[in-house]
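Here's the structure we're looking at; comments come further down.
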Amino acid sequence: MKRITFPIILILLIISACLEPDRNAPYDPNNPNKVHLYGYTVDHNWSALPDIEVQLKQGGDVKYSTVSDNEGWFEFIDIDPGALYELCAEIEYYSPFLETLYLCAGCYDTIYVHFDDLLLDFDNEPLGTQQPYGFLRLFGSWQVQEDFGEPGQHSTPNVYNALHTGNSSPFALSVLRDTVHDFWFSVNVKILSSSSSWGAGMVLRYQNENNYYLVQLTPGGLSLTKMRNGSLTQLANTTSYNFTSDTWYHISAYLSDDKIKIYLDYDELFEIYDTSSPLHSGLAGLSLLTNEPTDTATANFDDVHLWD
C-alpha cells in the first residue's frame, strides 16, 4: 500500500503546481505586484502640454488610457505587468509619440512624453493666415492658401504661399519661432513664378539679416551659402539640376555643430564642415526671392518638418 501512496501524492502535487503556477514572474499579468507609471507630456521646448490623452497598448489594443492635467502630469496606477507595452500619444502639429516599454512587476517609473518632432502641413489653418502655428513672418507676403494639385507629393488641401517683389525687402522670409542648435529641417516647395531670377528654399540658424545659412533652389541649380556679418560666402553648389516651376521638390538639411548636410528628394547632395566662423544656433525658416527689381516671385511651401 505504501508503494502506491507515494506516487499518487507526487502526481497530485504536480497537478496542483500546474493549477496554481508561481505568480512571482516579473512579466506575469496575474502577478499581484502591479506597475505604477508616472510622467509628463511636454512640447519641443519642454513646456507642459495639458489635456493630452496617453495610452498603453498591447498588440494594437488599448489596455489603459489617461489624460494629462494642467501641468502635463499623468499617471497609470496598478497596471498588470506585461512583457511589452506601447506608450502612445498624439497632438496636432507634432508627429505621434510612440515608445516601447517593458513593464515588470513592482516597478515604479517616470517618463516624459516629449513631442520634439514638429510637423506642420497647414491643412487646419484658416485660409489667409499670415503666421500659422509656430511661424513668425519677417519679410515679404505670406499666407495660407489652397493647393489641391499633386496630392501624392504634398499634403492637401492647404499650403503656405510666399510672394516677393524685387523692389522690396531682400527676400520673403518666415521663420519658426524657437532657436535651435543641432537639428533636421525639411520642406516641400513648388515654384509658381515665371521670373527667371527666383530663388526658393530655407534659412538655417538665422540670427538676423546679416547672419544665416541659406539653401536655395534656382533655375540653374542648388546652392548653400552663408551670410556672416553681412558678407556672403558660397559653401557648396551644384548645377546638375534644372528646377522648373509647377513642380514639387523636397529639400532637407541636417546640422550638427560645424557639419551641414543638404538633401534633395532624400538624396544627399552636400556634406560640408564650416570651420571658418560658423553659426552654431539660430532660427530655421522658409525663404523666397527674386533679384530683378521689376519681377515678382511666388512659391508654395508645405509639410515643414523640424526635429532635433
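Observations on the structure shown:
- Leading residue by the ranking (surrounded by the most Cβ atoms within 10 Å (Cβ to Cβ)) among those in the range 271-293 that are in contact with a strand residue (DSSP E or B) (Cβ under 7 Å, 6 or more places away or on another chain) and at pLDDT below 95: Leu289
- Just one of the listed residues (Lys57, Lys63) is in a strand (DSSP E or B), among the charged types (D, E, K, R) and farther than 27 Å from Ser155 by Cβ, and it is Lys63.
- Considering (1) in a strand (DSSP E or B); (2) under 20 Å from Thr294 (Cα atoms); (3) not aliphatic (A, V, I, L, M), the lone condition that Ser174 does not fulfil carries the number (2).
- Tabulated pairs, the range 84-106, first free of Cβ contacts under 8 Å to residues at least 24 places away in the same chain, second β-branched (Val, Ile, Thr), C-beta under 7 angstrom, 6+ apart or interchain: Phe97/Val113
- The set of residues in the range 139-165 that are aliphatic (A, V, I, L, M) and touching a residue at least 60 places away in the same chain (Cβ under 8 Å) comprises Val159, Ala162, Leu163.
- Sole exception among (1) touching a strand residue (DSSP E or B) at 6+ places or on another chain (Cβ under 7 Å); (2) surrounded by fewer than 18 Cβ atoms within 10 Å (Cβ to Cβ) for Ser168, by number: (1)
- Qualifying residue in the range 297-305 (condition: in the same structural domain as Val180 (by TED's automatic domain parsing) and either free of Cβ contacts under 8 Å to residues at least 40 places away in the same chain or in a loop (DSSP other than H, G, I, E, B) (or both)): no
- Flag for Phe97 being closer than 26 Å to Asn33 by Cβ, aromatic (Phe, Trp, Tyr) and assigned by TED's automatic domain parsing to the domain that holds Leu37: no
- Residue in the range 220-228 that is at pLDDT below 95, in a strand (DSSP E or B), within 17 Å of Leu269 (Cα to Cα) and not β-branched (Val, Ile, Thr) present: yes
- Candidates in the range 34-50 are the residues that are of a type outside the set (Lys, Arg), part of a loop (DSSP other than H, G, I, E, B) and surrounded by 14 or more Cβ atoms within 10 Å (Cβ to Cβ); of these, the one that is nearest to the chain's Cα centre (by Cα) is His44.
- Residue list for the range 222-258, filter: within 22 Å of the chain's Cα centre (by Cα) and surrounded by 14 or more Cβ atoms within 10 Å (Cβ to Cβ): Trp248, Tyr249, His250, Ile251, Ser252, Ala253, Tyr254, Leu255
- Of the listed requirements (1) on the phi < 0 side of the Ramachandran plot; (2) assigned by TED's automatic domain parsing to the domain that holds Phe301; (3) not in a strand (DSSP E or B); (4) not hydrophobic (A, V, I, L, M, F, W, C), Gly128 misses just one: (1).
- One residue stands out among those in the range 104-123 that are closer than 14 Å to Glu92 by Cβ and in contact with an Asp or Glu (Cβ under 7 Å, 6 or more places away or on another chain): the one that is surrounded by the most Cβ atoms within 10 Å (Cβ to Cβ), which is Phe122.
- Check on Ser193, of a type in the set (Ser, Thr, Tyr), touching a residue at least 40 places away in the same chain (Cβ under 8 Å) and either buried (at least 22 other Cβ atoms within 10 Å of the Cβ) or at positive phi (or both): no
The values are calculated or read from the model by the stated rules, or taken from the named source; none is laboratory data. Predicted, not measured: the structure shown is a model, and the values here were computed from it. Backbone-built Cβ (ideal geometry, glycine too); neighbour counts: all protein chains shown.
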